[in-house]
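One structure is given here, and the rest of the page talks about it.
The values are calculated or read from the model by the stated rules, or taken from the named source; none is laboratory data. Computed from a predicted model, the values in this text were never measured in an experiment. Glycine gets a Cβ as well: all are built from the backbone with ideal geometry, and neighbour counts include every protein chain shown. Quick note on the areas: whole protein, heavy atoms, side chains included, nothing else; ligands and nucleic acids left out. Shrake-Rupley method; radii C 1.70, N 1.55, O 1.52, S 1.80 Å.
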Amino acid sequence: MSFNRLRSRTPSAHRIGVFELPGYKLKFHKIGKDGSAKCNAYFTGIETDIVEGLAFEIDPCEIKTLDKVEDLGKGYEKKNVIVTNNQGVKLEVFSYFATNINDSLLPFSWYKKHVLEGAESAGLSDKYISEIMDIKAINDPDSLRESRELKIYE
């Protein structure tokens, strides 16, 4: 969700706007390569469950790079979904959905920071940001990885 992180991977990315995905809930339960929890828009089918986020336009030639970074086929699948903004505009976008989950995992604090930075800079709702803040996180035992990940905010 961090725009800085997305731009470091796909420089062409630019924001379209804030959208909602009903019937899904943000969960930190995707098993990351590092053994920690990563985000997932988890399908609940409950219309009042909503994932908030930004929609981006990305140059098609950068999509393969993003697929690789997101581990497409190795923990995430990609599918098209319909999202809606607060004016009722609907947009078909692709998103990544976890295929390998474990509800007992926790995210590293630096990963949670990426998600929070993205949510705050996008202007997502205070309620949604508060829900993300309430997610328990753990320290990464690899301090070099943490430093590398947080460098984009300097």
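Does region 115-125 contain at least one residue that is part of a strand (DSSP E or B) and either modelled with pLDDT of 95 or more or open to solvent by less than 50 Å² (accessible area, probe 1.4 Å) (or both)? No: region 115-125 contains no residue that is part of a strand (DSSP E or B) and either modelled with pLDDT of 95 or more or open to solvent by less than 50 Å² (accessible area, probe 1.4 Å) (or both). With respect to the stated conditions, D103 fails to be within 15 Å of G32 (Cβ to Cβ), open to solvent by less than 40 Å² (accessible area, probe 1.4 Å), part of a loop (DSSP other than H, G, I, E, B) and modelled with pLDDT of 95 or more. You will find that of I50, I16, I31, the residue that is farther than 20 Å from T99 by Cα, of a type outside the set (S, T, N, Q) and open to solvent by 40 Å² or more (accessible area, probe 1.4 Å) is I16 and no other. Scanning region 60-90 for residues that are part of a helix (DSSP H, G or I) and open to solvent by less than 70 Å² (accessible area, probe 1.4 Å) turns up E62, I63, T65, L66, D67, V69.
Would you check which residues across region 127-147 are part of a helix (DSSP H, G or I), basic (K, R) and either closer than 27 Å to K25 by Cβ or in contact with a Lys or Arg (Cβ under 9 Å, 6 or more places away or on another chain) (or both) and list them?
Scanning region 127-147 gives a single hit, K127.
Check whether at least one residue in region 28-37 is of a type in the set (A, V, I, L, M) and in contact (Cβ under 8 Å) with a residue 60 or more places away in the chain, and report yes or no. Yes, region 28-37 contains a residue that is of a type in the set (A, V, I, L, M) and in contact (Cβ under 8 Å) with a residue 60 or more places away in the chain.
For region 131-154, the candidate set comprises residues that are among the small types (G, A, S) and open to solvent by 50 Å² or more (accessible area, probe 1.4 Å); within that set, the residue that is farthest from S8 (Cα to Cα) is S143.
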